[in-house]
Amino acid sequence: MVPEELISAAAEMIASAKSLVALTGAGVSAESGIPTFRGRDGLWRRYKPEELATPEAFERDPRLVWEWYKWRMEIVFKARPNPAHEALAELERLGVLKCIITQNVDGLHQRAGSKCVVELHGSLWRVRCTTCSYRSRVEEPPREIPPRCPICGGLLRPDVVWFGEPLPKAATEHAFRLAMECDVMLVVGTSGVVLPAGLLPVTAKQHGAKIVEVNVEESAITSIADVFIKAPAGISLPRIVEKVKAILQSG
Ligand code: APR
């Protein structure tokens, strides 16, 4: 159980922020039943994400990579946003949270009602052709894999960022601008080991921001956190938001 004082300390920082930005990782979706990447249940068959989420793996065996994505899409398709996603959407509605920067590709922040979401690693719900410039949104997991381009017949790939690939330029620039300009960054459910996303809290801190972290265990970010809340996001974020509301009403 997280002490009330820590929840209050986080809420005070958040309520008094002039520019609050959230950075989220797989942990924010864990309570929706979506496996994290580096947790024990994060493995699919015997593969690590670093072995499947690469251009080389796709070139070698597109069917295998698509099987993994189809498995993940099916889980996300059946999942629902959890109280952590809802709490962040509520903070935006309250005018407290400016934007979420997410490493997640599941689209659950948007499904919970968040409007400003910067997707650093792309989306499971978009595909693009490896041969021509065709891009499309997808509503559900593909029936046949690997799916083919309706224009040129080329192989379609998920529109996500794989290891060794550059991040989308506009999203990355937006994220770093937000990190430099915020005065509080709320970091939720990320191991912080994947770069450049892991550098965002460091950038924020270097520009004078306070860091509030929510994670079930210590991460690469914890050493620079001003408040560290060691608890599941789906339990602690709603508590923080209730406190923020009380502070806003009383002030
Ligand atoms: N509440 C809060 N934090 C949680 C919860 C929870 N319920 N469950 C797990 N966590 C934490 C874990 O302790 C861990 O620190 O979430 C973090 C998940 O870490 P990773 O699996 O490494 O996910 P993430 O940091 O998002 O990975 C970054 O790596 O494979 C790539 O592109 C992929 O976007 C992903 C990137």
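A few comments on the model shown:
- Residue match in region 166-178 (condition: in contact (Cβ under 8 Å) with a residue 60 or more places away in the chain and polar (S, T, N, Q)): no
- Within region 84-131, the set of residues being of a type in the set (D, E, K, R) and either outside any strand (DSSP E or B) or modelled with pLDDT under 95 (or both) comprises 86, 90, 92, 93, 106, 111, 115.
- A search for C-beta distances below 8 Å between a residue of region 215-230 that is within 14 Å of residue 7 (Cβ to Cβ) and any residue that is of a type in the set (D, E, K, R) and open to solvent by less than 50 Å² (accessible area, probe 1.4 Å), counting only pairs 6+ apart in sequence or on different chains, returns 227/213; 228/213; 229/213.
- Scan of region 139-168 for residues that are within 16 Å of residue 66 (Cβ to Cβ), among the β-branched types (Val, Ile, Thr) and in contact with a Ser or Thr (Cβ under 9 Å, 6 or more places away or on another chain), ordered by number: 160
- Of all residues making up region 113-149, the number that are within 16 Å of the ligand (Cβ to nearest atom), under 13 Å from the mean Cα position of the chain (by Cα) and of a type in the set (A, V, I, L, M, F, W, C): 4
- Tabulated pairs, region 188-209, first of a type in the set (A, V, I, L, M, F, W, C), second part of a loop (DSSP other than H, G, I, E, B), C-beta under 6 angstrom, 6+ apart or interchain: 193/220; 197/103; 197/120; 204/182; 209/182; 209/183
- Wholly enclosed strands (runs of 3 or more DSSP E) of region 132-251 bearing at least 2 residues within 22 Å of residue 90 (Cβ to Cβ) and of a type in the set (D, E, K, R): 210-215
- If you go through region 131-165 and keep only what is without any contact (Cβ under 8 Å) to a residue 60 or more places away in the chain, more than 29 Å from residue 86 (Cβ to Cβ) and not small (Gly, Ala, Ser), you end up with 131, 132, 134, 135, 143, 144, 148, 149, 150, 151, 152, 156.
- Within region 3-35, considering residues that are within 20 Å of residue 201 (Cβ to Cβ) and assigned to a loop (DSSP other than H, G, I, E, B), the one farthest from the ligand (Cβ to nearest atom): 18
- Number of the exception - residue 166 against (1) within 16 Å of the ligand (Cβ to nearest atom); (2) of a type outside the set (Val, Ile, Thr); (3) surrounded by 15 or more Cβ atoms within 10 Å (Cβ to Cβ); (4) within 14 Å of residue 119 (Cα to Cα): (3)
To keep it simple, each residue is scored yes or no on (1) crowded, with 23+ Cβ neighbours inside 10 Å; (2) under 28 Å from residue 32 (Cβ atoms).
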| site | (1), (2) |
| --- | --- |
| 172 | no, yes |
| 177 | no, no |
| 181 | no, no |
| 184 | yes, yes |
| 188 | yes, yes |
| 201 | yes, yes |
| 204 | yes, yes |
| 207 | no, no |
| 212 | yes, yes |
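- Qualifying positions in region 137-192 - closer than 19 Å to residue 105 by Cα, among the aliphatic types (A, V, I, L, M) and in contact with a Phe, Trp or Tyr (Cβ under 7 Å, 6 or more places away or on another chain): 138
- The set of residues from region 2-16 being at pLDDT below 95 and hydrophobic (A, V, I, L, M, F, W, C) comprises just one member, 2.
- Residues in region 85-112 that are farther than 17 Å from residue 184 by Cβ and open to solvent by 30 Å² or more (accessible area, probe 1.4 Å): 86, 93, 110, 111.
- Single unsatisfied condition, residue 107 versus (1) within 16 Å of the ligand (Cβ to nearest atom); (2) touching a residue at least 40 places away in the same chain (Cβ under 8 Å); (3) not hydroxyl-bearing (Ser, Thr, Tyr): (2)
The values are calculated or read from the model by the stated rules, or taken from the named source; none is laboratory data. Note that the coordinates shown come from a computational prediction; the quantities given were computed from them, not determined experimentally. Note: ideal-geometry Cβ built from the backbone for every residue, glycine included; neighbour counts use all protein chains shown. What goes into the accessible areas is simple: the full protein's heavy atoms, side chains included, and nothing from ligands, DNA or RNA. Shrake-Rupley method; radii C 1.70, N 1.55, O 1.52, S 1.80 Å.
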